[in-house]
Amino acid sequence: MLELGVRNGDSSAKQVSFGVRLRYPLDMSTNVKIEIDERTAHVLQARAAELGVTVSELIAELATLDSEPMVVDSEEMAELDRRWKKIEAGEATVPHERVVRWLRTWGTPRFRPWRDQ
């Protein structure tokens, strides 16, 4: 069992190592126990350590991300529609395996922006 403790603290957002600001309030005061399997606990602990936050802070951020509505402006939607129509018309796409290889470079010295592929 992994115990997630939520504590009182500074109400400002916490800065994590790669510059993302977490958007949940740190002034929560209720402690809750959540039971999860050991493998999931290890994954959460490792990810929290990578980001320089506690598991409680990581879970709070994940809950915040899931609850926020996604806003896409009409220009973005129109561009996505244009691109999809090109694909439906037979324009070449990038093979899945190539995208996976590129995604696996994220966070490594081998990473290059997609446009540099």
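The values are calculated or read from the model by the stated rules, or taken from the named source; none is laboratory data. Just so it is clear, the structure is predicted and the values come from calculations on it, not from any experiment. Backbone-built Cβ (ideal geometry, glycine too); neighbour counts: all protein chains shown.
Would you mind stating whether V32 is buried (at least 17 other Cβ atoms within 10 Å of the Cβ), modelled with pLDDT under 90 and not assigned by TED's automatic domain parsing to the domain that holds W106? Give the steps one after another, and end with the answer.
Values: buried (at least 17 other Cβ atoms within 10 Å of the Cβ): no; modelled with pLDDT under 90: yes; not assigned by TED's automatic domain parsing to the domain that holds W106: yes.
The answer is no for V32.
What are the residues in segment 18-29 that are more than 19 Å from G107 (Cβ to Cβ) and either surrounded by 13 or more Cβ atoms within 10 Å (Cβ to Cβ) or at pLDDT 75 or above (or both), if any?
Result: Y24, P25, L26, M28.
Anything in segment 35-53 that is in contact (Cβ under 8 Å) with a residue 24 or more places away in the chain and either within 19 Å of W106 (Cβ to Cβ) or surrounded by 12 or more Cβ atoms within 10 Å (Cβ to Cβ) (or both)? List them, or say none.
Across segment 35-53, the qualifying residues are I36, A41, L44, Q45, E50, L51, G52, V53.
Taking into account only those residues within segment 61-85 that are at pLDDT 85 or above and of a type in the set (G, A, S), which is farthest from V32 (Cα to Cα)?
A78
How many residues are closer than 30 Å to E50 by Cβ and not basic (K, R) when one looks only at segment 77-117?
Selection size over segment 77-117: 18.
Out of all the residues in segment 37-54, which are in contact with a Leu (Cβ under 9 Å, 6 or more places away or on another chain) and of a type in the set (G, A, S)?
A41, A48
Kindly establish whether A48 is over 14 Å from the mean Cα position of the chain (by Cα) and at pLDDT 90 or above. It would help to see each step written out before you state the result.
On the way: over 14 Å from the mean Cα position of the chain (by Cα): no; at pLDDT 90 or above: yes.
In short, no.
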